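The structure appears right after this line, and notes come after that.
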Amino acid sequence: MNNYKILGVKNTDSLDHITKKYKELAKIYHPDRNPLNTEQATEKFKEINVAFITIKNTYTPSFKQNEEEFKYFTDKIINKGEFLNRFFNKAKTIDMGEMLGVLLKNIKKIRFYYDDIFSETSTEDINITINVEMEDVYNSEDKIINLVRKRKCLKCFTDDLAFCSICHNKIYYEQEKCFLVNCSEKIIIFSGESNEEKNNKPGDIIVRIITKKQDRFNIFNNYDLLYFIFSRGEENIKHEYTFLDKQNYIFECTYPYSDHYIIEGKGLYIPYSNKRGNLVIKIVPEHENNTNYKLYLNKTIT
Ligand SMILES: [Zn+2]
């Protein structure tokens with residue numbers, strides 16, 4: 001299906017509008033919000049992400065073509081504008097016979113390049129899982145992933161060279177690229193960034209972010225945090241702790257205290273929402289065995 005249709009937008013819509021629609025859909029189909037239907041939601045979520053990234057990467061405000069295939073083709077030409085400029089600059093200075101030769105040669109090149117883009121099949125997706133510290137998730141830190149993929153040599157495509165120093169005339173070569181991921185996301189898709197191969201479109205790079213266990217804070221309900229304070233008995237509590245933002249906090253409550261306290265907005269960032277989950281502080285009598293930790297985690301806190 002057309003990327004614009006997937007997002008329910010028109011190709012003449014502004015990027016702001018498209019982004020808004022994308023965020024609405026991503027919220028609805030986020031796998032975490034569809035616990036009964038995770039598999040289908042993940043598929044849909046991925047489709048929405050790919051559609052949005054593709055539109056965003058090729059978006060030009062002045063562009064208003066309706067024919068889908070032509071648009072795709074033309075978008076790619078705009079991206080390869082350097083090649084076209086060279087072609088037209090060359091064309092200015094040559095006679096017609098020579099120009100035909102140049103044209104045919106370049107059509108060959110374009111076909112060589114676009115055969116793969118219009119291919120029905122794709123190369124395999126590259127799946128990556130990275131484990132990050134809970135502090136990095138809380139603070140929305142960026143991480144860089146370095147990847148080597150097999151890609152088509154752009155230098156061979158744009159230049160006429162007897163010998164290409166990049167790919168050694170093999171057309172495909174091992175290319176290294178840095179990908180930036182934000183730790184507060186759960187899944188990030190880099191559309192069309194997988195390996196390139198003859199007669200195949202490149203697949204996607206799919207990065208899943210897993211949060212490492214932390215000594216003091218436990219994640220529950222995806223974005224909420226649970227923190228235990230042990231009480232010595234029938235007395236007020238004044239407890240100092242270092243939080244994931246590296247700041248020190250003091251938690252105070254007077255006896256008799258509740259089972260737990262909710263501090264709103266101190267949980268993990270909820271993607272596409274600008275909101276955070278909550279921090280739940282649970283008071284546990286010290287005499288209760290610490291090895292029963294799991295027991296508390298399984299309890300539903302309301
Ligand atoms: Zn090359």
Practice problem: Please state, as a whole number in µm²/s, the translational diffusion coefficient that the Stokes-Einstein equation yields for the range 12-62 at 4 °C and 1.567 mPa s, with Rh defined as the Kirkwood radius across alpha carbon pairs. | Solution: 112
Practice problem: Name the residue farthest towards the positive end of the dipole of the range 115-212 from the options Gln175, Ser165, Thr121, assuming +1 on Cβ of Lys and Arg, -1 on Cβ of Asp and Glu, about the Cα centre. | Solution: Ser165
Self-check item: Total formal charge among the other residues, if their Cβ is under 14 angstrom from that of Ile270, Lys/Arg +1 and Asp/Glu -1
Solution: +3
Quiz item: What is the diffusion coefficient of the range 130-242 in µm²/s, taking the Kirkwood radius over Cα pairs and the Stokes-Einstein relation at 25 °C with a viscosity of 0.890 mPa s?
Solution: 135
Quiz item: For all pairs of alpha-carbon atoms in the range 226-269, what percent lies in each bin of width 10 Å, listed from the first bin to the last filled one?
Solution: 22, 56, 21, 1
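Please give me the summed charge of the neighbours of Asn222: other residues whose Cβ is under 10 Å from its Cβ, Lys and Arg +1, Asp and Glu -1.
0
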Quiz item: Rounded, prolate or oblate: which fits the range 217-297, taking a ≥ b ≥ c as square roots of the Cα gyration tensor eigenvalues, rounded meaning a/c under 1.5, else prolate when a/b beats b/c?
Solution: prolate
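Share of antiparallel DSSP beta bridges in the range 115-212, in percent to the nearest 5?
Expressed as a percentage, antiparallel bridges in the range 115-212 total about 65.
None of the figures in this text is laboratory data; all of them are computed from the coordinates on show. No experiment lies behind these values; they were computed from the predicted model shown. With ideal geometry, Cβ positions are generated from the backbone for all residues, glycine too; neighbour counts draw on all protein chains shown.
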